[in-house]
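To start, the structure under review is shown below, and the notes come after it.
The values are calculated or read from the model by the stated rules, or taken from the named source; none is laboratory data. This structure is a prediction, so every number in the text was calculated from the model and none was measured. FYI the Cβ positions are ideal-geometry reconstructions off the backbone, even for glycines, and counts take in every protein chain you see. Just so you know, the surface numbers come from the protein's heavy atoms only, side chains and all, with ligands and any DNA or RNA stripped out. Shrake-Rupley method; radii C 1.70, N 1.55, O 1.52, S 1.80 Å.
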Amino acid sequence: MTMKRVVISMMLMSLYLALQSCTQGVPQLGKASVEKVLKAMTTEEKVTLLVGTGMALPGLSGNTAVVGETQSLVAGAAGTTTPIPRLGIPAIVVADGPAGLRISPQREGDASTYYCTAFPVGTLLASTWNTALVESVGEAMGNEVLEYGVDVLLGPGLNIHRNPLCGRNFEYYSEDPLLTGKIGAAVVKGIQSNGVGTSVKHFAVNSQETNRTGNDSRLTPRALREIYLKGFEVIVKESAPWTIMSSYNYINGTYASESRELLTTILREEWGFKGIVMTDWFGGKNAPAQMYAGNDLLMPGRPDQKQAILDALADGSLSIEDVNANVKRMLELIVATPRFKGYAYSNKPDLKAHAEVTRYSAAEGMILLKNTDATLPLNETVKNIAAFGTTSYDFIAGGTGSGDVNEAYTVSLGEGLVNAGYTLDADMASLYETYKAAEEAKQPKSDNPFAHFFNQARIPELLPERSLLEKKAKETDVAIITIGRNSGEFTDRKIEGDFELTSAEKALIQQVTEAFHKEGKKAVVILNIGGVIETASWKNIPDAILLAWQGGQEGGNTVADILKGEVNPSGKLTMTFPLHYIDHASSANFPDANQTDSRQMMASMAAMVGAGEVGGEAKAPEKNIDYTLYEEDIYVGYRYFDTFGKDVSYPFGYGLSYTTFGYEATLGTDRPYTVNVTVTNTGERPGKEVVQLYVAAPAGDSAKPEKELKGFAKTRLLQAGESETLTLTLNADDLASFSEAKNAWITDKGTYTLRIGSSSRDIRCELTLENVAERIVENVHDVLKPAEAIATITH
């Protein structure tokens with residue numbers, strides 16, 4: 001050994017011994033209490049723990065530069081926290097998203113693959129109305145999180161379907177807050193049963209994508225409490241999520257991530273939340289204000305945020321006590337994670353088993369909207385099927401953006417039909433495949449670093465020649481027409497050509513149906529969509545309509561199972577399908593993407609990544625862009641349509657079956673109130689039914705909706721003639737509404753009518769609660785009030 005090498009070895013040994021000496025007596029997380037570790041941390045270390053390690057974005061620089069390494073632990077994860085080795089504090093990994101884990105499926109220099117399962121989208125899961133089933137989906141989802149080395153999954157999404165044009169409605173569950181909360185709680189329980197965490201998002205009132213980082217949601221305290229916070233409250237109290245993600249938007253003038261009234265007063269003091277709050281990616285502007293609000297983790301993290309917090313501590317505008325509270329919660333999160341506990345993740349989850357979970361769970365959430373003369377299930381004489389519509393051959397598994405999943409495959413409808421034993425017409429398949437390839441080749445390539453988040457435009461629909469339609473009507477047994485829609489982050493949907501069908505799509509339905517009817521054969525429409533579309537103008541044309549939603553990677557197989565009768569559909573709508581878009585109470589207070597300036601999207605993205613403001617002259621705040629008035633107040637969805645007697649295409653809770661059901665209901669004598677509903681399968685096929693309990697309340701000091709969902713349950717699979725009695729429990733607290741005058745949840749005195757039905761407009765039984773006494777259920781804080789009164793709906 002040369003003298004130089006000897007000197008280097010001695011220096012390295014000295015450094016090692018020095019480091020050992022420095023760490024002796026230093027508390028290590030896990031061996032020492034959280035309190036001792038917190039006390040041993042320097043101010044710099046504390047602040048470092050509260051700012052994520054950053055996110056490398058190609059083509060962008062400056063404030064997006066990483067604080068540390070994000071991708072070295074799990075490739076494609078959304079972010080990591082900053083490790084502090086001196087104190088035994090490891091980095092933990094967080095990753096998207098609500099329809100399954102989103103990580104990179106391939107890694108440089110690694111021949112293995114890391115695909116994840118694309119589970120059904122949130123709207124479909126909610127349409128099952130089956131919390132036990134949804135929890136089992138969460139268990140499978142959480143297993144992949146665990147086995148791929150991720151600690152927290154960034155989901156589920158809990159925002160309300162306020163308007164059908166919201167670009168991310170597919171991630172969310174319903175227009176109803178109770179159903180939203182119950183389904184969300186089931187997902188969280190399932191995921192967290194694996195010992196990994198969830199991040200319930202986006203808290204709160206994040207109802208549009210247009211200018212999502214700059215929009216101010218302005219609403220009354222009652223609407224905030226009853227509609228937009230209630231689902232989060234249910235999920236916090238029933239499933240104890242590890243984390244909550246604050247939203248981008250303002251609420252009555254204050255950024256959600258900078259609102260102490262939201263994140264501390266309501267979330268922690270009123271609801272008892274014990275976990276951490278993290279920002280949405282690059283959310284908010286004022287890092288010290290976020291810390292004070294109770295936003296514990298800034299993600300993905302930027303160097304300027306860390307410096308701003310240190311400066312605020314130095315000048316006294318932020319107290320060390322507030323920072324210590326943030327850090328303590330972060331340490332409590334970290335010690336609960338698999339990475340801290342040293343879990344040896346396999347990178348080998350059972351994807352085959354999870355595909356089966358996807359297939360059968362999706363089947364229970366697909367909704368039969370129409371079935372004239374028992375068109376479905378297809379009878380045994382049907383062998384040859386002509387599939388029309390480009391989406392028949394390019395089935396949509398889920399939405400775009402952070403709600404997307406990198407799955408190994410997606411089963412198209414055509415593939416599903418073949419797998420089910422049907423013969424798919426080869427001429428039509430070849431025609432559509434050739435057309436699809438040619439149209440996709442025309443699409444421009446984008447070098448935008450956000451391109452993979454955007455909703456890629458669907459190719460125009462192909463309308464075959466009438467002569468070909470007539471030929472196929474003679475040669476095949478039935479027509480299947482698929483209509484597809486997709487959406488995602490950054491932009492909301494359009495009315496023309498998105499909410500409404502295109503002229504080519506309407507012509508396709510009309511002409512295919514005419515050709516097949518001429519031959520005495522049936523036509524079935526499949527809706528492979530993520531959100532509500534207009535149906536009233538064309539639904540009378542085909543013989544049957546199946547709302548397939550976006551069923552994950554096994555979607556084609558699931559639809560084939562229903563068409564063949566292997567599964568009896570039992571899904572129910574979790575939102576209302578209006579006759580026209582304008583019928584929605586929020587239609588005047590929501591942006592139409594046809595009319596929004598693309599510069600707004602660029603401004604939103606620039607603000608999101610902290611890359612600075614978009615240039616240009618200052619302008620007056622623009623309605624539905626810079627601020628949105630929630631003038632419909634509590635009258636969201638069926639609360640509006642049913643209360644004000646508006647006709648709809650399909651009501652909330654609606655869904656047909658291949659069988660029929662009878663109802664009988666009785667009211668128990670005990671308290672809490674118990675409603676016993678006996679459901680009998682009065683048809684000839686096995687099936688499941690969803691029982692919905694609505695309550696009509698006395699007026700009290702404020703107007704009430706005509707009815708509100710207060711409970712639901714789903715039967716097991718009932719054989720023909722079989723019955724099951726379901727018991728729904730109703731506490732006195734469940735009857736309460738929010739009084740702005742008294743700043744409290746109050747059960748008003750009077751008579752309450754209990755309406756038990758198969759949808760909000762198919763009520764089968766009525767019961768009454770007489771002489772209910774007035775009761776203050778809970779006094780709450782007077783917070784998050786609008787600066788100016790909101791002119792709420794009166795008609």
Checklist entry - So what's the chain giving for Cα Rg divided by 2.2 N^0.38 Å, two decimals? => result 0.98
Item to check | Around P578: net Lys/Arg minus Asp/Glu count, Cβ-Cβ under 10 Å | outcome: -2
Checklist entry - Roughly to the nearest percent, how much of the accessible area of the chain is carbon and sulfur, given a 1.4 Å probe? => result 51
Checklist outcome for this item: The relative contact order of the chain, taking Cα pairs under 8 Å that sit 6 or more residues apart, comes to a percentage of 14
Next on the checklist: Cβ neighbours within 10 Å, averaged per peptide: list 49-55, 353-359 in order, most packed at the top.
Outcome noted: 49-55, 353-359
Item to check | Given K230/K646; K189/K274; K370/K506; K36/K341, the pairs whose alpha carbons are separated by over 22 Å | outcome: K230/K646
Checklist entry - Straight-line reach from K749: which lysines have Cα under 18 Å away, leaving out those fewer than 8 places along the same chain? => result K704, K707, K710
Checklist outcome for this item: Along segment 700-710, Karplus-curve 3J(HN,Hα) (6.51, -1.76, 1.60; θ = phi - 60°) to the nearest Hz, with x for Gly and Pro, reads x, 8, 8, 5, 10, x, 4, 7, 9, 5, 10
Checklist entry - V51: net charge of surrounding residues, Cβ under 9 Å, Lys/Arg +1, Asp/Glu -1, itself excluded? => result +2
Next on the checklist: Net charge around T423, counting only other residues with Cβ within less than 10 Å of its Cβ (Lys, Arg = +1; Asp, Glu = -1)?
Outcome noted: -1
Checklist entry - Can you list the lysines whose alpha carbon is less than 27 Å from that of K619, not counting same-chain residues fewer than 8 positions off? => result K285, K494, K785
Checklist entry - What size of dipole, in debye to the nearest 20, comes out for the chain about its Cα centre when the only charges are +1 on Lys and Arg C-beta atoms and -1 on Asp and Glu C-beta atoms? => result 1480
Next on the checklist: I need the shape label for segment 69-129. Rule: rounded when a/c is under 1.5, else prolate if a/b > b/c, else oblate, with a, b, c from the alpha carbon gyration tensor.
Outcome noted: oblate
Item to check | Rounded D (µm²/s) - segment 131-199, Kirkwood Rh over Cα pairs, Stokes-Einstein at 4 °C, 1.567 mPa s | outcome: 105
Checklist entry - When the dipole is taken about the Cα centre of segment 290-348, and only Lys, Arg (+1) and Asp, Glu (-1) are charged at their Cβ, what size is it in debye, to the nearest 20? => result 560
Checklist outcome for this item: Any residue on another chain or 5+ positions along whose placed amide H is under 5 Å from the amide H of L501 is listed here as E534
Item to check | Surface per residue (accessible, 1.4 Å probe) for the chain, Å² | outcome: 38
Item to check | segment 235-294 - Rg and Dmax from Cα coordinates, angstrom | outcome: 11.0, 32
Next on the checklist: Straight-line reach only, C-alpha to C-alpha below 19 angstrom: list the lysines that K474 could link to, leaving out same-chain residues fewer than 8 apart.
Outcome noted: K383, K518, K521, K522
Checklist entry - Using the Karplus equation 6.51 cos²θ - 1.76 cosθ + 1.60 (θ = phi - 60°), what ³J(HN,Hα) coupling, rounded to whole Hz, does each residue of segment 123-130 give in order, writing x for Gly and Pro? => result 4, 5, 4, 5, 5, 6, 6, 10
Checklist entry - What share of all Cα pairs of segment 399-553, in percent, falls into each consecutive 10 Å distance bin? => result 9, 35, 38, 15, 3, 0
Item to check | Dipole axis of the chain (+1 Lys, Arg; -1 Asp, Glu on Cβ), positive-most option in S587, Q192, V512 | outcome: Q192
